Amino acid sequence: MQITERPYQINNQAGVYFVTFSVVQWVDVFTRREYRDIVLASLKYCQQSKGLILYGWCLMSNHIHLILAAKESNTVSGILRDFKKFTSKRIIESIEDNEKESRKSWMLWLFSSSGKANLNNHESQFWQQGNNHAVELFTPMFSRQKLDYIHLNPVRAGIVENPQDYLYSSARNYADLPGLLEVEFLF
């Protein structure tokens, strides 16, 4: 019997990957700055303490795209697991504590319902269950295609006209503008 690799799985922990993950039911959580800030702080922490190498990123209203790798003794899977676990807990706590959150009851109910429907969770679920839609980047051409894809995401969504005008993306770094996160350039 031949064992084949499953698609969208992180099989090469030393590889560079394009990953995407989204909020359950595509809830537009990241329309609020305080929730975006949790994601950014967590990515910075992973860069400083968990061996995350970030080549590209884009945070949209309900999902995030990353191009990343892990330093020597770390794993991409471990970094993503810890990042998702921490941000899930912290964002839900922030929603609970936010007196100005008009969508609080609805979002907390949705996260709780999603968690109860998933045998892998005990309480709430923030990120959609399943894989991270991980695709290993093998060639410079494929890497460029994925980097362009994430940088053009806010343009296709009609948020900005130029990728570098979107604050929550590494397109700014690649355009020699100050970015919110440090990135290592693919090219």
Considering the dipole of the range 17-174 built from charges on the beta carbon (Lys and Arg +1, Asp and Glu -1) around the Cα centre, which of Cys46, Thr139, Ser61 is farthest to its positive end? Thr139
What size of dipole, in debye to the nearest 20, comes out for the chain about its Cα centre when the only charges are +1 on Lys and Arg C-beta atoms and -1 on Asp and Glu C-beta atoms? 300 debye
The size of the Cβ-based charge dipole (Lys, Arg +1; Asp, Glu -1) of the range 15-123 about the Cα centre, to the nearest 20 debye, is 160 debye
Run down the lysines and flag those whose C-alpha is under 17 Å from the C-alpha of Lys84, throwing out any fewer than 8 positions away in its chain. Lys44, Lys50
In Å and whole numbers, how far do the C-alpha atoms of the range 88-127 stretch along each principal axis, longest first? 32, 17, 13
Between Glu96 and Ser49, Cβ-based FRET efficiency (R0 30 Å, step 0.05) works out to 0.70
Could you give log10 I(q)/I(0) at q = 0.11, 0.13, 0.14, 0.19 Å⁻¹ for the range 17-174, computed by the Debye formula over C-alpha point scatterers of equal weight, without solvent? -0.45, -0.63, -0.73, -1.28
Taking the Cβ of Asp28 as the centre, find all other residues whose Cβ is under 15 Å away and add up their charges (Lys, Arg: +1; Asp, Glu: -1). +3
With only helices counted (DSSP H, runs n ≥ 4, each -39500 (n - 2.57)), the per-residue ellipticity at 222 nm for the chain, to the nearest 500, works out to -12500 deg cm²/dmol
Please give the length that would be gained between Lys104 and Gln145 if that part of the chain were fully extended, namely 0.36 nm times their separation in residues minus their C-alpha to C-alpha distance (nm, one decimal). 11.0 nm
Only Cα pairs under 8 Å and at least 6 apart count here; give the relative contact order of the chain as a rounded whole percent. 28 percent
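Where a number appears in this text, it was derived from the coordinates with a stated rule and is not lab data. Just so you know, these numbers come straight off a predicted model, no measurement behind them. Every residue, glycine among them, receives a Cβ derived from its backbone with ideal geometry; neighbour counts consider all protein chains shown.
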